[in-house]
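**Q** Before anything else, here's the structure in question.
The values are calculated or read from the model by the stated rules, or taken from the named source; none is laboratory data. What you are looking at is a predicted structure, and each value in this text was computed from that prediction instead of being measured. Please note: Cβ atoms are built from the backbone with ideal geometry, for glycine as well, and neighbour counts cover all protein chains shown. All accessible areas refer to the heavy atoms of the entire protein, side chains included, with ligands and DNA or RNA removed. Shrake-Rupley method; radii C 1.70, N 1.55, O 1.52, S 1.80 Å.
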Protein chains: 2
Amino acid sequence: MSLSYCNLDDTKAGKKLLKGTKVDKLKNLLTAARVSSYSVPGAAGWRYIYAAKAVDDEVLSLLADLAREQQVVAKYRSILDGSWANVGENRMVLHHLTRGQAGKPVVHEGKNLGDFYAEQNRKIAEFAGQVHRGTIKGSNGKKFTTVVQIGIGGSDLGPRAMYLALENWVTVEKKKLALKAHFISNVDPDDASAVLASVSLDSTLFILVSKSGTTQETLANENFVRQTLSKAGLEPDKHMVAVTSETSPLANSPRYLASFYIDDYIGGRYSSTSAVGGAVLSLAFGPDVFARFLSGAHEADKAALESSPLKNAALLDALIGVWERNALNLPYTAVLPYSQALSRFPAHLQQLDMESNGKSVDRDNKKVKYATGPVIFGEPGTNGQHSFYQHLHQGTDIVPLQFIGFLESQAGADVLSEGSTSQAKLNANLAAQIVAFAKGSKNENPNKNFAGNRPSSLLLNRKLTPETLGALLAHFENKVMFQGLLWNINSFDQEGVQLGKVLTKAVLAKGDMDGALKAYADLLGV
Amino acid sequence: MSLSYCNLDDTKAGKKLLKGTKVDKLKNLLTAARVSSYSVPGAAGWRYIYAAKAVDDEVLSLLADLAREQQVVAKYRSILDGSWANVGENRMVLHHLTRGQAGKPVVHEGKNLGDFYAEQNRKIAEFAGQVHRGTIKGSNGKKFTTVVQIGIGGSDLGPRAMYLALENWVTVEKKKLALKAHFISNVDPDDASAVLASVSLDSTLFILVSKSGTTQETLANENFVRQTLSKAGLEPDKHMVAVTSETSPLANSPRYLASFYIDDYIGGRYSSTSAVGGAVLSLAFGPDVFARFLSGAHEADKAALESSPLKNAALLDALIGVWERNALNLPYTAVLPYSQALSRFPAHLQQLDMESNGKSVDRDNKKVKYATGPVIFGEPGTNGQHSFYQHLHQGTDIVPLQFIGFLESQAGADVLSEGSTSQAKLNANLAAQIVAFAKGSKNENPNKNFAGNRPSSLLLNRKLTPETLGALLAHFENKVMFQGLLWNINSFDQEGVQLGKVLTKAVLAKGDMDGALKAYADLLGV
C-alpha cells in the first residue's frame, strides 16, 4: 500500500470532527450494557473500557473512518519495518525492535539492528549476573548492593517509573531485590548530594546514561559522583558503567567497567525497553524480570497491528483522545492509576505524550491549524481523590480522565477493616468515581450538585506484573504514536528543547549571576 | 469597613477583564528595565518578579481596581479576625493563626484559639524532645529512629512536600535528622506493604492523622500497621500517636501514646502549619526547625495585609492568575521549582489550588458564569526541561508558568564542570527558560521557530530554609485565598469529594467485584 500523509483538516473524517461538539449526552449514554460492549482486549490481559467516554456508535464510526483515511496501522507497520519516520532528524524509529521483531528485519549499513539490541540485552544480562554473583565488586572489594542511575528526561523518568512499578512485586516474588536502585537526574547539586548521602558508596554501582554523551546535567552529575567516590578513597572507574551510543565520546572508555549501547533510532522517551531501562532494571530485579517486561511490551506492539480500528486498544484510545482534543476542545487529560506502584507513571506519560505531540508543525514543517497533544498530569488514586478531584468533579471545565486499575494487589498482604479489604476499597473507589464522573448526581443545592458528563476510560488488568507493565507502557507509546500519525506530526523529534540549551550556554558564558538572576542574564542580548 | 460580596462579573473591573484578550505583546514588553520595576518583595527575602507576565501598566491598574472593588485585603483581615468565611460549612478559617496572630484575638465559646494552637505545638515539642532523648521508646525498648505519617490528602501532601523540602537542609545543618520520615497514604495495600517492609518496626513511631477520625483510607492503613506491629511481637499502642480533632472518635484514646489536636477551622489542605505538619516535622527535624518554618509563614501572612495591590506579592500573583484565567482564557498553570528539594511542592499546590478553587458556585451557592481555578501541574527544573517543556515551548496552546528559584543550593556541595558549578548551571537554565518562553526565537524553519509570548513569573530567594519555605507555602495559600475572594467563591469547602465517598460505600455494600469492576458495580443503581 502506498502511504499518503495528510493533515487532519485535509481528511474527510477530520473535517467533520473539527466542526466540534459538546459533552452533554454521556450521562444518558452510560448503561450497564455499554460496559461490556464498549470494551476491547489489549495485550497481556489488558482491557480498554471506554463505556464512560463521550462517544456513541456514530462517533466511533467517524473515528474508524479517520483511522482508515490516515492509514495509521499501515504507517505503524512501516515504522516497524524501518521507515525513516522521524523525518525532521532523518532517523528510523526503532524502539519497538528493542522488545522483539514485529515487522520485517531491519538491516542498516549491513547491520541487523534487532540483533544489535538483543546483543546489548545479552551483554547486560551477563554483566548483571557477574554483579549478582559478586564476580564484579566495588574497588575496595565490597559486593554491590545498590545501583544509582545518572540520567535525565527519558534516561530517568521511564526507568524510574518502571523501577517503582516493580520494586514491591520483585521484593515479594523473589524475597528481595538483587540491588536497590536510586536515581540522580537534576543538575541541582542538592539532588546528587541527597542521593549520595543515602547510600554506602563502597557497595554502589553507578550507571551513566546519555545517548549523545554530551548531556550537560548528566555529565555534571557524573563529575559530582566521581569526585565524591574519589574523596571516599574509591576508584570511580570501578564503580561506573555507561549506557550511550557507539559514536558518543563516552563509548568504549576505560573510565567505565562496561558500556552498553543504544543508537539514534531510540528516542529518549521511548528508551525504557532499550539498554537505558535494561541496565538498571536487570541489575535491580534480574535479567529474567526485564525479559518478561519486554515480552509484555512486544505483545502490545503486535496487538497494535490489528487493522480494525475499533478492535485495536491503543488506536481506539488514540482516536478517542483526538475526539476529545479536536471535537470537544478539551486541552488536558488526567492519568489516574489506582495503584501506588504506578506513582510516577503519570510523570513518565507526561514526558512521553507532551514531548512527542506538543508540536505546532506537521511532518513537512508547516504550521498546523488544529490543536495537537494535550497537557498530561495525574497522581495515583485514591490519593488524587483527596487532592484535585474536587476540581475534576465540580470545576468550571471538563478534564478527560484515563483510569488504570488492577483486580489484585502486588504484595497480596491486606487487612480487613469495616468489613472489606483495602484492595476492595481501592477498587470500590475506582468504580464509584467512574460512575460519579459520568452520571453526576442532582441536588437542589448547586454546591452539592454534580453535573456529570465527565468522560473517562479504564485500562483494567488482573495484576501489575513485569508482563502487564510492559504491555501498559507499550500501549501508551503506541497510543501517542497513533495520535501523532492522526495529526500528521512528527512525534519523534523535540526541537522545542533546543532554544533553552543554546540560551543556557549564552548565560553561562557571561559568568556570575545574582539578583533577579542578573536581570534574566541581561536578557541575553538575543 | 462593611464588606460586600460580589461576583467577578458584577464588578466594573471584572466586566472589563472578562471581555478577554490575547497574549501577543509579551515578546516586546519584556525589557531589562521591567525586570526590576515589575518586581515586588514578599516575606523572608522572597521577590515576586512578573516582568515576563503578559501585563502592562494599564492591565495592572485594572487588576488593582478589581482588588479594591472586591475589598480582598479587608476580607482577608476579617478572616484573620475570625469571620465565618467558610460559609457553606459555617466555619471560621484559622490556618493563619497556627503560625501566629496577625489579626485580633480569636475567642470562640470562651476559648482563645491562638492559645489552643500554640499549646498543641508546645505539647508536640515536649513529646518530640522525649522521643529524641529516648525517654519515650518503642515497646521492646528500642529508641525511635523513624517516623511514619499515616494520612491522606491534606494530611499527606503538604507535610510530605515540606519534609522533602527540608530533609537535605537539616541533614547538612544538624549533621543528621532526628528521625527519618516516611508516609503511608493510599488505601492500596501495596503502599503500606512497601513502607513497612522498608523500616525497622521496633524503632518506628507512627502518626495517625485524621481530623474527623473517620477517613476510610487512614483507618484501613492504621489497621494494617497495627496488625503488622502485633505480628512482629510489638505493642501497637506504644508505637502510635494521633493527630485529630478533640471531638473525633480517636481523641484521647489509650490506643495512642499521645494525641495532638486540630479543629474544624483548619482545612486539610491548609494544615501543614498545624499539628498535622507539626508532629512529623518536629519529630523529624526538631521543634526549633518547625518553629522557624512557622515564623516564615507568619511573616508572609503579615505581608499579605499590604493594602496596595501592586505591592502585595500574594495578591498580585493572584490577580495576574485571574487575568490569565478570565481575560486570556488559559485553563492551566505549570509550577516549576528549580530546586530538587521542592520535588513534591507542585503536587501539594495541585491540591491546595484545585481543591480550593475548582468550584462552580459562588459564596451563595449560585452557579458562576466565569471560569474559576485552573488545572495545576509541575515538576522541578531542570528535570521538566527534558520532559514536558517541548509542549510548553512549541505546543499549540499557551500554558502560564510559575517559576521558583534560589541563588544558593541547600547542601552547598557542588562540582565544577565545563567551567561552571552545577548551581550556576541550574540558574543559567532558569534565566534562559524565562527569556526563551517570553521572547521566543525566529527561524525560517517553522519546526525550529519559537513563537514566544509564553508568560511566566519568578519567585526568587537566596536559599530554601525553614523560614523561606514557610513564607513560600503561605504565599501560595494566600494567593489561592485571594483568588477565591476575587471570584467570590468559597475556597474552604470541598463538596465535590462527597459523592465519591457515598458511592464507594454503596459499592462496598454490594460485596465482591470483578470483571470490568463488576460493570462499574452494576452502575450502582443510583
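**Q** I need the full set of residues from the stretch A:445-473 which are in a helix (DSSP H, G or I) and farther than 15 Å from A:ILE49 by Cβ, in order please.
**A** A:PRO446, A:ASN447, A:LYS448, A:PRO466, A:GLU467, A:THR468, A:LEU469, A:GLY470, A:ALA471, A:LEU473
Let's see how each residue does on (1) closer than 30 Å to A:GLY405 by Cβ; (2) among the aromatic types (Phe, Trp, Tyr):
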residue	(1), (2)
B:SER422	no, no
B:PRO446	no, no
B:PHE450	no, yes
B:ASP493	yes, no
B:THR504	yes, no
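**Q** Moving on. I'd like to know if the stretch A:168-175 contains one or more residues that are under 22 Å from A:LEU113 (Cβ atoms) and either within 14 Å of chain B (Cβ to nearest Cβ) or at pLDDT below 95 (or both).
**A** Initially, the stretch A:168-175 is screened for residues under 22 Å from A:LEU113 (Cβ atoms), giving none.
For the stretch A:168-175, residues under 22 Å from A:LEU113 (Cβ atoms) and either within 14 Å of chain B (Cβ to nearest Cβ) or at pLDDT below 95 (or both): absent.
**Q** Further question: Sort out which residues of the stretch B:30-50 are in contact (Cβ under 8 Å) with a residue 40 or more places away in the chain and either surrounded by 15 or more Cβ atoms within 10 Å (Cβ to Cβ) or away from chain A (no Cβ under 14 Å) (or both), and write them in order of number.
**A** So in the stretch B:30-50, the residues in contact (Cβ under 8 Å) with a residue 40 or more places away in the chain come out as B:30, B:40-50.
The answer is B:LEU30, B:VAL40, B:GLY42, B:ALA43, B:ALA44, B:GLY45, B:TRP46, B:ARG47, B:TYR48, B:ILE49, B:TYR50.
**Q** Scan (1) in contact with a Lys or Arg (Cβ under 7 Å, 6 or more places away or on another chain); (2) within 10 Å of chain A (Cβ to nearest Cβ); (3) open to solvent by 10 Å² or more (accessible area, probe 1.4 Å) for the single condition B:GLY452 breaks and write down its number.
**A** Here B:GLY452 meets the rest and fails (3).
**Q** Quick check: anything in the stretch A:66-86 over 16 Å from A:ASN488 (Cβ atoms), under 23 Å from the mean Cα position of the chain (by Cα) and open to solvent by less than 30 Å² (accessible area, probe 1.4 Å)?
**A** Checked against the condition, which is being over 16 Å from A:ASN488 (Cβ atoms), under 23 Å from the mean Cα position of the chain (by Cα) and open to solvent by less than 30 Å² (accessible area, probe 1.4 Å), the stretch A:66-86 yields at least one hit.
**Q** What is the one condition in (1) in contact (Cβ under 8 Å) with a residue 40 or more places away in the chain; (2) at positive phi that B:LEU517 does not satisfy?
**A** The single condition B:LEU517 does not satisfy is (1).
**Q** Do we find a residue being surrounded by fewer than 21 Cβ atoms within 10 Å (Cβ to Cβ), at pLDDT 95 or above and part of a loop (DSSP other than H, G, I, E, B) anywhere in the stretch B:503-512?
**A** No, that holds for no residue.
**Q** Out of the residues in the stretch A:463-502 meeting the condition of being within 14 Å of chain B (Cβ to nearest Cβ) and of a type in the set (Asp, Glu), tell me which one is most open to solvent (accessible area, probe 1.4 Å).
**A** Of everything passing the filter in the stretch A:463-502, A:GLU495 is most open to solvent (accessible area, probe 1.4 Å).
**Q** Moving on to the next point. Hey, any hits in the stretch A:206-216 for a residue that's facing another protein chain (nearest Cβ under 8 Å), touching a Leu at 6+ places or on another chain (Cβ under 7 Å) and surrounded by fewer than 24 Cβ atoms within 10 Å (Cβ to Cβ)?
**A** Looking through the stretch A:206-216, none of the residues is facing another protein chain (nearest Cβ under 8 Å), touching a Leu at 6+ places or on another chain (Cβ under 7 Å) and surrounded by fewer than 24 Cβ atoms within 10 Å (Cβ to Cβ).
**Q** For the stretch B:1-41, which residues satisfy the criterion of being over 24 Å from B:ALA74 (Cα atoms), of a type in the set (Gly, Ala, Ser) and part of a helix (DSSP H, G or I)?
**A** Once the filter is applied, which keeps residues that are over 24 Å from B:ALA74 (Cα atoms), of a type in the set (Gly, Ala, Ser) and part of a helix (DSSP H, G or I), the stretch B:1-41 yields B:ALA32, B:ALA33, B:SER36, B:SER37.
**Q** Name the residues in the stretch A:336-345 that are surrounded by 24 or more Cβ atoms within 10 Å (Cβ to Cβ) and more than 9 Å from chain B (Cβ to nearest Cβ), would you?
**A** A:LEU336, A:PRO337, A:LEU342, A:PHE345
**Q** Still on this structure: Give just the number: which of (1) away from chain A (no Cβ under 13 Å); (2) free of Cβ contacts under 8 Å to residues at least 24 places away in the same chain; (3) β-branched (Val, Ile, Thr) does B:VAL55 not satisfy?
**A** B:VAL55 satisfies all of (1) away from chain A (no Cβ under 13 Å); (2) free of Cβ contacts under 8 Å to residues at least 24 places away in the same chain; (3) β-branched (Val, Ile, Thr) except (2).
**Q** Would you check which residues across the stretch A:397-415 are among the acidic types (Asp, Glu) and either farther than 13 Å from B:ASP512 by Cα or in a helix (DSSP H, G or I) (or both) and list them?
**A** Those that are among the acidic types (Asp, Glu) and either farther than 13 Å from B:ASP512 by Cα or in a helix (DSSP H, G or I) (or both): A:ASP397, A:ASP414.
**Q** Any idea which residue in the stretch A:146-167 is farthest from the other protein chains (Cβ to nearest Cβ), counting only those that are surrounded by 24 or more Cβ atoms within 10 Å (Cβ to Cβ) and either among the polar types (S, T, N, Q) or without any contact (Cβ under 8 Å) to a residue 60 or more places away in the chain (or both)?
**A** A:GLN149
**Q** Continuing with this model, one more query. Which one of these is more than 18 Å from the chain's Cα centre (by Cα) and touching a residue at least 24 places away in the same chain (Cβ under 8 Å): B:ASN490, B:ASN443, B:ASN453?
**A** From the options B:ASN490, B:ASN443, B:ASN453, the qualifying one is B:ASN453.
**Q** Under the condition of being facing another protein chain (nearest Cβ under 7 Å), small (Gly, Ala, Ser) and in contact with a Ser or Thr (Cβ under 8 Å, 6 or more places away or on another chain), which residue from the stretch B:353-397 is surrounded by the fewest Cβ atoms within 10 Å (Cβ to Cβ)?
**A** Within the stretch B:353-397, the match that is surrounded by the fewest Cβ atoms within 10 Å (Cβ to Cβ) is B:ALA371.
**Q** May I pose another question? Of the conditions (1) part of a loop (DSSP other than H, G, I, E, B); (2) within 29 Å of A:SER409 (Cα to Cα), A:GLY138 clears all except one; give me its number.
**A** (2)
**Q** Of the residues B:LEU330, B:LEU310, B:LEU342, B:LEU336, which single one is more than 17 Å from B:HIS475 (Cα to Cα), modelled with pLDDT of 95 or more and out of contact with any Lys or Arg (no Cβ under 8 Å at 6 or more places or on another chain)?
**A** On the way: B:LEU310 fails: more than 17 Å from B:HIS475 (Cα to Cα); B:LEU342 fails: more than 17 Å from B:HIS475 (Cα to Cα); B:LEU336 fails: more than 17 Å from B:HIS475 (Cα to Cα).
Result of the check over B:LEU330, B:LEU310, B:LEU342, B:LEU336: B:LEU330.
**Q** OK, next. Starting from residues that are polar (S, T, N, Q), at pLDDT 95 or above and over 18 Å from B:LYS142 (Cβ atoms), keep the ones in the stretch B:204-243 and report whichever is nearest to the chain's Cα centre (by Cα).
**A** If we take residues in the stretch B:204-243 being polar (S, T, N, Q), at pLDDT 95 or above and over 18 Å from B:LYS142 (Cβ atoms), then B:SER210 is nearest to the chain's Cα centre (by Cα).
**Q** Which residues, counting only those in the stretch B:177-187, are facing chain A (nearest Cβ under 10 Å) and either touching a Phe, Trp or Tyr at 6+ places or on another chain (Cβ under 7 Å) or open to solvent by 10 Å² or more (accessible area, probe 1.4 Å) (or both)?
**A** Passing the criteria: only B:LYS180.
**Q** Could you please let me know if A:ASN445 is facing chain B (nearest Cβ under 7 Å) and either open to solvent by 20 Å² or more (accessible area, probe 1.4 Å) or touching a Pro at 6+ places or on another chain (Cβ under 6 Å) (or both)?
**A** Working: facing chain B (nearest Cβ under 7 Å): yes; either open to solvent by 20 Å² or more (accessible area, probe 1.4 Å) or touching a Pro at 6+ places or on another chain (Cβ under 6 Å) (or both): yes.
Judged against the criteria, A:ASN445 is a match.
**Q** Here's something else I'd like to know. Give the stretch A:398-415 a look and list any residue that's under 25 Å from A:LEU349 (Cα atoms), open to solvent by 20 Å² or more (accessible area, probe 1.4 Å) and at the interface with chain B (Cβ under 7 Å from one of its Cβ atoms), or say none.
**A** Residues satisfying the conditions are A:LEU407, A:ALA411.
**Q** Also: Among the residues of the stretch A:416-426, is any assigned to a loop (DSSP other than H, G, I, E, B) and surrounded by fewer than 20 Cβ atoms within 10 Å (Cβ to Cβ)?
**A** Within the stretch A:416-426, one or more residues are assigned to a loop (DSSP other than H, G, I, E, B) and surrounded by fewer than 20 Cβ atoms within 10 Å (Cβ to Cβ).
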